[in-house]
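Take a look at the structure below.
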Amino acid sequence: MLVEYTQEFWDQRYRQRDRIWSGKPNRHLVAEVDGLQPGSALDVGCGEGADAAWLAEQGWDVLGIDVSEVALDRARAHSAELDPSVADRLHWQQVDLLASPDLPRDLDLVSIQFMHLPEPHRSRVFGELASRVAVGGTLLIVAHDPSDLHSGVGRPHQADLYFTAQEIAALLDDSWDVRVCESRPRVERSSDGHEHAISDAVLLAVRTG
């Protein structure tokens, strides 16, 4: 069993702090999805719900899934504070992706933000999630680039958790049009106040057939 990916592990992590994440949507989600025609979206590893809430505000009908019920309780509480027309487009579900759950199909967007799994689980889970995208739909995967291991930012020192956008693109067959596949630089401030140059692996692909 991968202890780091169980409900118990993540529930405990969320209980350690009142808020784990910033409460703001991920920058690459905003950059890549802004302007797309809203439809049905799956927010994978939705955490406390900031990405899902932003998508709903743009008009998307969103299912946010996470292994942690504590995180989902926070997401539900946050969505209750939103305009009812936005909250009505938000749905939440506790899901263990390693257990091969039944998820919706024919989705217009599947967003996977900073979900790091070792092989062979990564290829299996990402492949299954990609299969849920409808023809004409978008797959967006963002992760910490492997180069971050040497950046000085506090990342887990488990090299098998990291991957490039090119590695994920290689999992897709010729029914996909890969439109973004890159290591994208940015600056992150660590807990000690220092700024570090890091990179994110960004993959955006549209299913064409």
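The values are calculated or read from the model by the stated rules, or taken from the named source; none is laboratory data. Quick caveat: nothing in here was measured; it's all calculated off a predicted structure. Counting neighbours? That spans all protein chains shown, and the Cβs are built from the backbone with ideal geometry, glycine included. SASA here: full protein model, heavy atoms, side chains in, ligands and nucleic acids out. Shrake-Rupley method; radii C 1.70, N 1.55, O 1.52, S 1.80 Å.
Numerical summary
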quantity: Residue, most open to solvent (accessible area, probe 1.4 Å), within the stretch 127-147, restricted to residues that are at pLDDT 95 or above and of a type in the set (D, E, K, R); calculated: Glu128
quantity: The lone exception for Ser111 - which of (1) part of a loop (DSSP other than H, G, I, E, B); (2) closer than 22 Å to Ser22 by Cβ it fails; calculated: (1)
quantity: Some residue of the stretch 143-158 being closer than 19 Å to Ile65 by Cα and either outside any strand (DSSP E or B) or of a type outside the set (S, T, N, Q) (or both); calculated: yes
quantity: Asp108 being of a type outside the set (A, V, I, L, M, F, W, C), more than 26 Å from Val187 (Cβ to Cβ), open to solvent by 20 Å² or more (accessible area, probe 1.4 Å) and in contact with a Gly (Cβ under 7 Å, 6 or more places away or on another chain); calculated: yes
quantity: The stretch 114-126, residues that are part of a loop (DSSP other than H, G, I, E, B) and surrounded by 15 or more Cβ atoms within 10 Å (Cβ to Cβ); calculated: Phe114, Met115, His116, Leu117, Pro118
quantity: Selection from the stretch 14-44 of residues that are in contact (Cβ under 8 Å) with a residue 12 or more places away in the chain and over 23 Å from Leu129 (Cα atoms); calculated: Tyr14, Arg15, Arg19, Ile20, Trp21, Ser22, Gly23, Lys24
quantity: Residue in the stretch 80-90 that is in contact with a Lys or Arg (Cβ under 6 Å, 6 or more places away or on another chain) and free of Cβ contacts under 8 Å to residues at least 40 places away in the same chain present; calculated: no
quantity: Scope the stretch 150-170; condition surrounded by fewer than 16 Cβ atoms within 10 Å (Cβ to Cβ) and at pLDDT below 95; matching residues; calculated: His150, Gly152, Gly154, Pro156, His157, Gln158, Ala159, Asp160
quantity: Test: Ser199 is touching a residue at least 24 places away in the same chain (Cβ under 8 Å) and over 12 Å from Leu139 (Cβ atoms); calculated: yes
quantity: Residue match in the stretch 177-185 (condition: surrounded by 15 or more Cβ atoms within 10 Å (Cβ to Cβ), in a loop (DSSP other than H, G, I, E, B) and not hydrophobic (A, V, I, L, M, F, W, C)); calculated: no
